[in-house]
1. Between residue 209 and residue 240, what is the label-to-label distance in nm when each label sits 7 Å out along the Cα-to-Cβ direction?
2. Students often get this wrong: which residues of the stretch 53-93 have the backbone nitrogen under 11 Å from the point 7 angstrom along Cα-to-C-beta of residue 6?
3. Place a point 7 Å from Cα of residue 300 in the direction of its Cβ. Which residues in the stretch 56-90 have their backbone N less than 16 Å from it?
4. How do 153, 292 rank when sorted from fewest to most other Cβ atoms within 10 Å of their own Cβ?
5. Mind pulling the angle between the C-alpha long axis of helix 23-33 and the longest principal axis of the chain? Nearest 10 degrees, somewhere in 0 to 90.
6. Can you give the Kirkwood hydrodynamic radius of the chain from its Cα pairs, in Å with one decimal?
7. Could you please state, rounded to a whole Å, how far the C-alpha centre of the stretch 202-244 is from the C-alpha centre of the stretch 250-276?
8. Relative to the longest principal axis of the chain, what angle (0 to 90°, nearest 10) does the C-alpha long axis of helix 178-188 take?
């Protein structure tokens, strides 16, 4: 049976990732459902995790680094009294403790985990060691020495104290491993701990309010109707300058040429600005005193508009 060629589809689809499904599986599923030729996610969620998974389609894939570099927010539950080799419910218990921290102890510990801190990522992670993902080496039974990294915790809050667990909310920089944060917090409190729940509530400019359920998308009968769930490319950008250009200057940008800032005297030098033609995002540029230089150009959008 002959299949039609996939379409050029541009925009963002923000899925509330279900538990038990890998991020790569979600990417493949949504590419199929939207009959799209190109998409990718902005940072994997563990299979046991749920929540905000922004998926870039077509020209939006050029903005993936800007979303990946943005801050993240998670809600998570630490089960006290045991540690697993994966740091979550997927692994085997490797150490136990009778210590169950109380509310006062937890609140006293939280300030020690706010700001720039050092983390040792878990062995079961996608970090590459000598060209191989650490989790693949760990599954082979190899001992992996993980490099220490510096991350930043902007806020950490105790949401709920339970009998043998506690629920937290954290706002953090890219590269933060919440499984490690939970285990380190437990160690600081003289206990052991692993995550029984992990939910991402924010990724860059995307939050839970932007998400749709994969189950819902699968129930929509027509492809065009499914594509109505796509958000515009510029949804991932916020608080940056905008420049409206002429058709001629849009063509110049499409060929990788810079523009003279003299033609746009109201635009101040900036690291990043969004260029629009007919109110459609066509490029990201850097502006200095001498030149407006393209950083990312969205060719599919330019072809549609010019």
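Any read-out appearing in this document is the output of simple, stated calculations on the displayed coordinates, not a laboratory observation. Predicted, not measured: the structure shown is a model, and the values here were computed from it. All Cβ positions, glycine included, derive from the backbone under ideal geometry; neighbour counts span all protein chains shown.
1. 2.2 nm
2. Answer for the stretch 53-93: 57-58.
3. Backbone N within reach: 56-65.
4. Working: 153 18, 292 27.
Least crowded to most crowded, the residues run 153, 292.
5. That works out to roughly 40 degrees.
6. Values: mean 1/r = 0.0463 Å⁻¹.
When all Cα pairs of the chain are included, the Kirkwood radius is 21.6 Å.
7. 27 Å
8. That helix lies at roughly 30 degrees to the long axis.
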